[in-house]
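Worksheet for the structure shown next.
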Amino acid sequence: MKICGVEIKGTEAIICLLNYQDGLFSLPDCRVRKVDFDKQNRTSDLRYFQSTFAKLMQDYKIDKVIIKERPTKGKFAGGGLGFKIEAAIQLIEPLSVELMSATLLKASLKRNPVTVAFAETGLKVFQENAFIVAYAHHMNLQYPPQDNE
């Protein structure tokens, strides 16, 4: 299963493609590491971002997109444009999109820690959270969380 992990920062959707097949992970090559949203905040810009993201997912035959959920309140709350980006991705038909909460992410990593050093993946440093979200979702599929977690 090919999953695209997404972390939204500011006006960018940082992505990492992660494939899990026959018990092995692989990081497929991708022509981009992030998809930018123009800060002018026009309807046409949002539609362009959405179509660009949709085309990227279609080209790489992505089965599911997992977005790292951002808090809506507090010191680390996401900005308005970030939530527009999130909604634009969620509304892409027929793409399967889920949000992963910080609580679920931490629980998954506690049960199934990443066994390879991130530096050895060949990804850029800014892609680490997108990678971790994709990895955690794969692990949740393979080893579902127990009810008491």
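Read-outs: derived from the displayed coordinates by stated rules, not from any lab. Since this is a predicted model, take the numbers as computed values, not measurements. No Cβ is skipped: glycine too gets one built from the backbone with ideal geometry, and neighbour counts run over all protein chains shown.
Details
- Residue in segment 6-48 that is farthest from residue 120 (Cα to Cα), counting only those that are surrounded by 12 or more Cβ atoms within 10 Å (Cβ to Cβ) and of a type in the set (D, E, K, R): 45
- Any chance residue 73 is among the basic types (Lys, Arg) and crowded, with 18+ Cβ neighbours inside 10 Å: no
- Among residues of segment 31-47 being assigned to a strand (DSSP E or B) and out of contact with any Phe, Trp or Tyr (no Cβ under 6 Å at 6 or more places or on another chain), the one that is nearest to residue 62 (Cα to Cα) is 34.
- Look at segment 27-51: where a residue is farther than 14 Å from residue 86 by Cα and touching a residue at least 24 places away in the same chain (Cβ under 8 Å) and a partner is assigned to a helix (DSSP H, G or I) and β-branched (Val, Ile, Thr), sitting 6+ places away or on another chain with Cβ atoms under 8 Å, you get 27/121.
Every residue, every condition in (1) over 13 Å from residue 15 (Cα atoms); (2) within 14 Å of the chain's Cα centre (by Cα); (3) part of a helix (DSSP H, G or I), yes or no:
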site: 29; (1), (2), (3): no, no, no
site: 50; (1), (2), (3): yes, no, yes
site: 70; (1), (2), (3): yes, yes, no
site: 84; (1), (2), (3): yes, no, yes
site: 94; (1), (2), (3): yes, no, no
site: 126; (1), (2), (3): no, yes, yes
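- Residue match in segment 138-149 (condition: surrounded by 12 or more Cβ atoms within 10 Å (Cβ to Cβ), part of a helix (DSSP H, G or I), touching an Asp or Glu at 6+ places or on another chain (Cβ under 6 Å) and among the polar types (S, T, N, Q)): no
- Residues in segment 87-125 that are surrounded by 14 or more Cβ atoms within 10 Å (Cβ to Cβ) and touching a residue at least 60 places away in the same chain (Cβ under 8 Å): 89, 121, 123.
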